[in-house]
C-alpha cells in the first residue's frame with residue numbers, strides 16, 4: 001500500500017441508493033449528503049454515522065440530473081429531465097415552488113446565487129436561465145451556446161456566470177445584465193463540468209478526457225490534467241483547501257489529482273459502471289455516484305491534513321508582493337497581499353532568522 005493509499009479510507013457503500021436506478025448527482029450541506037437519481041427523486045442522507053436515508057424529495061416526473069442548496073442550507077433546488085426545477089424545504093421535504101416554462105429540454109445544471117435570491121439553470125435547449133428564487137419569474141435568458149448547456153457556476157460575489165456546453169466552449173457572462181464577456185475555447189469535445197478556484201481560476205472538465213485550468217481574466221489555459229481517464233470526464237470537484245482536484249469518468253473511475261502540479265495521486269476503482277458524480281464535503285469526504293446504482297463515501301481527511309512543508313512555503317512565496325527595507329538597512333519586512341494573514345521577517349538580506357508560514361487559498 002502506498003503512502004497516499006494509507007491515508008484514504010472507504011467509509012461506506014450504499015447500494016441501490018435510488019431504488020436500483022442510476023445515481024446522477026451529489027452535493028452536501030453542513031448536516032446532510034443529497035443525491036439525485038434516475039428514479040425521479042432526490043434523497044437526503046445522514047452525513048455521518050451509518051449514512052442512513054433521512055427522506056426523499058418526490059415531485060419530478062423525470063430523472064433528477066442536477067442539484068444545489070441555498071447558502072443558508074435550508075432549501076434544495078433540483079433540475080430534471082422533465083425540463084423543470086423544484087425548490088424544496090430540506091427540513092420537511094415539502095415543495096416550495098416549481099420553475100417551469102423556461103426550458104424546453106433536459107435541465108442539466110443548476111446553481112444558486114451567493115445571495116440566495118436567484119437560481120441559474122442550464123439546459124440541453126442551448127440556454128441558461130436566471131430565475132427569481134422567490135417568485136419563479138425569469139430574470140434573464142443567456143443565449144450564446146450552439147448546443148446544450150451542460151454545466152454552470154457562479155463566482156463568490158454573484159457578478160459572473162460561467163456556462164459550459166456541448167459546443168466545446170465555456171462562456172463568461174455578466175450575471176446581472178446578461179452580457180457575454182469572454183469565451184474559453186480549447187477542449188476537443190463537450191464541456192461537462194466546471195468549477196472556480198478563488199474566483200481567479202476556472203476549471204473545466206470535458207468528454208475529451210481532460211480537465212483544464214484557465215485564467216478567468218484572459219481565458220489563457222494554464223495547465224491540463226490528462227492521461228488518466230480513458231473515457232469522458234463527467235464531473236469534477238475541488239477540495240475545500242484547493243489542494244486537490246477530483247474527476248470522475250465514464251471509464252468507471254475517479255481520479256484525485258494534485259491541483260497545483262497536475263500529478264495524479266490516487267485512482268478510485270470501486271465502481272463497476274460509469275461514475276456520474278463526485279463531490280468533496282467540507283469535512284473532506286469524497287463521495288461518488290454511479291450507473292452501478294451505488295454511492296460510495298471515502299474519508300480523505302488524513303490526506304488533506306498532511307500539508308508538506310514545500311506546499312506551505314510555496315503558498316507563502318506566491319503571496320509576497322513587495323519588500324520594504326528598514327531605515328537602518330539591517331532588515332526587511334515582506335508584505336503580503338490581501339489573501340495572506342501574516343508578515344514574514346528576515347534579519348538581513350542574505351539569511352532568514354525566522355519565517356512564519358500559513359497555508360492560504362491564493363493560487
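Bear in mind these aren't lab numbers, they're just calculated from the coordinates by the rules spelled out. Worth saying up front: this structure is predicted, and the values here are computed from it rather than measured. Don't worry about glycine lacking a Cβ; one is built from the backbone with ideal geometry, like all the others, and counts go over all protein chains shown.
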Output row, site residue 230, 7 Å Cα→C-beta label point, backbone N cut-off 18 Å, window the range 178-208, residues 207-208
Most exposed first, judged by fewest Cβ atoms within 10 angstrom, 88, 22 run 22, 88
Where a ≥ b ≥ c are root eigenvalues of the Cα gyration tensor, a/c under 1.5 meaning rounded, otherwise prolate if a/b exceeds b/c and oblate otherwise, the range 198-309 counts as oblate
Taking a ≥ b ≥ c as the square roots of the Cα gyration tensor eigenvalues, with a/c under 1.5 meaning rounded and otherwise prolate when a/b beats b/c or oblate if not, the range 1-154 comes out prolate
Going fewest to most other Cβ atoms within 10 Å around each Cβ, 193, 230 line up as 230, 193
With Rg from the Cα atoms and Rh as the Kirkwood inverse mean 1/r over Cα pairs, the range 5-304 has an Rg/Rh of 0.93
The whole-number value in µm²/s of the Stokes-Einstein translational diffusion coefficient for the range 79-174, with Rh from the Kirkwood sum over alpha carbon pairs at 10 °C and 1.306 mPa s, is 120 µm²/s
Note on the range 204-262: alpha-carbon gyration tensor, axes a ≥ b ≥ c; rule is a/c under 1.5 for rounded, else prolate if a/b larger than b/c, else oblate; result oblate
